[in-house]
Amino acid sequence: MSKLKITGKELRAIGFPEGPVISIAMNVMQKNYKHHGKEEVMELLQKVLASPIEYKDNAVLALIAEQLLPKPLTDGAEVSLNQSGIQFNVFGQEHIEEGAMQQMYTAAKLPISVAGALMPDAHSGYGLPIGGVLATDNAVIPYGVGVDIGCRMCLSIFDIDPKELTQKESYFAREINEATLFGSGGQFDQASNHEVMESELFQQLPLLKNLHGRAWKQLGSSGSGNHFVEFGVVEIAEKDEVLGVEAGKYVGLLSHSGSRALGANIANHYTKIAISKRRLPHDAKNLAWLSLDEEEGMEYWLAMNLAGEYASACHHIIHAKIAKQLGRKPLTMVENHHNFAWKEVLSGVEGRSKEVIVHRKGATPAGKDVLGIIPGSMTADGFIVKGKGETAAVNSASHGAGRKMSRSKAMASVTDKQFKDELKKFGVKLLGGGLDESPFVYKDIDLVMQSQKALVDIVGKFTPKIVKMDGAKHRSWGKKREEVIGE
């Protein structure tokens, strides 16, 4: 195999800024990845560019990440944390790692924090833990929202006999393969049309203007990490008036993905600004916020909402393509998102009802009678749920089973045979997908659901049968690469 060669022009073409980082990236990759494929290396560099903070502890890629991370300005306002933080409720504490608890304790000490909760699928992230819910006073935390802004679940329920998933397996597998595109940085040659791309914000904000072309080419794609599109069996035990589907078994199409490069660039751009404006103690640095009274804060708020609309459009395009091929309209569609911030009125804040900004990073909205989907794993059942509006959880629930094993640990400890045997045991056909997303890396979804019985009612079940994921080779990941894709 010929040695790797990367040019500065190629790095600029994928978005690397002018400066020392160009030559540093060329040297690092050509020295440490000289026998890797160029496409694989460029894809990895795109990931570092999109979320440099995720690679700051990587033994090799940290040199590049450091050049891309924001440099705090010396004239930024120094902010102290409160000595004692706000009270917050923890659901399923016995299943939550100490790192996630500590991150939530830190977030609770922010002077803008007014309420919070930690969901049973929680694990460590950047800024807020994944599974963390934080309500703030007129302020938004970009890394409290997360990198993959507006990441969501979308379920279409079709009146099709689930037996067809087995009888016509190759047909359903083909429809998933043709409906979307997986892989970090992946773009369509022929872009889809959707009104979200006509938003005036793409012309009004310079950051978004520069991202418009790439976002259009990624519209309807699914990305990498824990994102998926899958067919499965939907089982409704009894009709729920909110869901509106009769008791029975159906074919379900379930997708999970977010706002792609658009959301990642928005998150990192405004995090840099937030960090420059508010100098926090080191362990709270990634919780830097922007006030909604500030121009930058309102810019982020508008851009975040656009990224959420974009993520929704991606799902709707995928589902529309498949529904057209199936020749059926869905009986209903259920959709919910996480990695977002909402303006909501909470009671009991400072002794009264008050409008706050609720961050749900890897947490599902669960207001009274609000529908959502909480997935398990590629072999474990997922659940259609209806929120109970529990204020102790800030009207939230988990967004999945939650990881119990990092990607690097999974790659080192799970064998191909174990993985294949598990898929066979549950009768799941996998299209792509790697050891880092195997069923063994997730918590027991039944225990997670047991821990949040007070937060949601289960109104239906989804059992995966044909699962499509990225399936990229992960040998290029460093030893410290953690499970933050899709955060």
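The values are calculated or read from the model by the stated rules, or taken from the named source; none is laboratory data. A quick note: this is a predicted structure, and the numbers were derived from the prediction, not measured. Cβ placement follows ideal geometry from the backbone for every residue including glycine, while neighbour counts extend to all protein chains displayed.
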Residue by residue through the range 231-258, note down the ones that are more than 28 Å from ALA179 (Cα to Cα) and of a type in the set (A, V, I, L, M, F, W, C). ALA237, VAL242, ALA247
For the range 286-309, what are the residues that are more than 21 Å from the chain's Cα centre (by Cα) and in a helix (DSSP H, G or I)? GLU295, GLU296, GLY297, MET298, GLU299
In the range 357-377, how many residues are among the β-branched types (Val, Ile, Thr) and more than 20 Å from MET333 (Cβ to Cβ)? 2
Test VAL251 against the stated conditions and say whether it is more than 24 Å from VAL394 (Cα to Cα) and either basic (Lys, Arg) or buried (at least 18 other Cβ atoms within 10 Å of the Cβ) (or both). yes
Being in contact with a His (Cβ under 6 Å, 6 or more places away or on another chain), buried (at least 17 other Cβ atoms within 10 Å of the Cβ) and either touching a residue at least 12 places away in the same chain (Cβ under 8 Å) or of a type outside the set (Phe, Trp, Tyr) (or both) narrows it down to one of ALA115, ALA100, ALA107, so name that one. ALA100
Spot the failing condition for VAL456; the list is (1) over 26 Å from VAL245 (Cα atoms); (2) crowded, with 20+ Cβ neighbours inside 10 Å, and only one is missed. (1)
Yes or no: the range 448-456 includes at least one residue that is among the charged types (D, E, K, R) and either modelled with pLDDT of 95 or more or within 24 Å of LEU45 (Cβ to Cβ) (or both). yes
Looking at the range 315-328, I want the residues that are farther than 18 Å from TRP216 by Cα and in the same structural domain as SER257 (by TED's automatic domain parsing) and have a partner that is buried (at least 18 other Cβ atoms within 10 Å of the Cβ) and of a type in the set (D, E, K, R) with Cβ atoms under 7 Å, at least 6 apart or on another chain. Which pairs are those? ILE322/GLU175; GLN325/GLU175
Considering the range 440-453, residues that are in a loop (DSSP other than H, G, I, E, B) and in contact (Cβ under 8 Å) with a residue 40 or more places away in the chain, and then whichever is surrounded by the most Cβ atoms within 10 Å (Cβ to Cβ), we arrive at LYS443
When you go through GLY433, GLY376, GLY367 one by one, which is the residue that is on the phi > 0 side of the Ramachandran plot, touching a residue at least 12 places away in the same chain (Cβ under 8 Å), assigned to a loop (DSSP other than H, G, I, E, B) and under 23 Å from the mean Cα position of the chain (by Cα)? GLY433
Filtering the range 384-425 down to residues that are loosely packed, with under 15 Cβ neighbours inside 10 Å and hydrophobic (A, V, I, L, M, F, W, C) yields ALA392, ALA412
So LYS217, is it without any contact (Cβ under 8 Å) to a residue 60 or more places away in the chain, of a type in the set (Lys, Arg) and crowded, with 18+ Cβ neighbours inside 10 Å: yes
If you scan the range 172-192, which residues turn out to be buried (at least 18 other Cβ atoms within 10 Å of the Cβ), among the small types (Gly, Ala, Ser) and more than 17 Å from LYS465 (Cβ to Cβ)? SER184, GLY185, GLY186, SER192
Could you please let me know if ILE157 is in contact with a Gly (Cβ under 7 Å, 6 or more places away or on another chain), in the same structural domain as VAL459 (by TED's automatic domain parsing) and closer than 29 Å to ALA215 by Cα? yes
Look at SER312 and say whether it is hydroxyl-bearing (Ser, Thr, Tyr), in contact with a Cys (Cβ under 9 Å, 6 or more places away or on another chain) and not in a strand (DSSP E or B). yes
Just to verify a result, which residue in the range 317-339, among those that are more than 17 Å from the chain's Cα centre (by Cα) and within 20 Å of ALA261 (Cβ to Cβ), is surrounded by the most Cβ atoms within 10 Å (Cβ to Cβ)? ILE318
Just for the range 379-410: of the residues that are assigned to a helix (DSSP H, G or I) and more than 21 Å from VAL242 (Cα to Cα), which one is nearest to the chain's Cα centre (by Cα)? ARG407
State all residues of the range 377-421 that are out of contact with any Ser or Thr (no Cβ under 8 Å at 6 or more places or on another chain), of a type in the set (A, V, I, L, M, F, W, C) and farther than 18 Å from SER451 by Cα; if no residue qualifies, say none. MET411, ALA412
Which count do you get for residues in the range 22-50 that are closer than 23 Å to SER224 by Cβ and in contact with a helix residue (DSSP H, G or I) (Cβ under 6 Å, 6 or more places away or on another chain)? 7
Going by the conditions given, is ILE141 touching a strand residue (DSSP E or B) at 6+ places or on another chain (Cβ under 7 Å), of a type outside the set (Phe, Trp, Tyr) and surrounded by 23 or more Cβ atoms within 10 Å (Cβ to Cβ)? yes
Out of GLY186, GLY131, GLY116, which single residue is part of a loop (DSSP other than H, G, I, E, B) and either in the same structural domain as GLY232 (by TED's automatic domain parsing) or within 23 Å of the chain's Cα centre (by Cα) (or both)? GLY186
Condition (residue is more than 26 Å from ASN193 (Cβ to Cβ) and either in contact with a Gly (Cβ under 6 Å, 6 or more places away or on another chain) or not aliphatic (A, V, I, L, M) (or both)) applied to the range 316-326: is it met by at least one residue? no
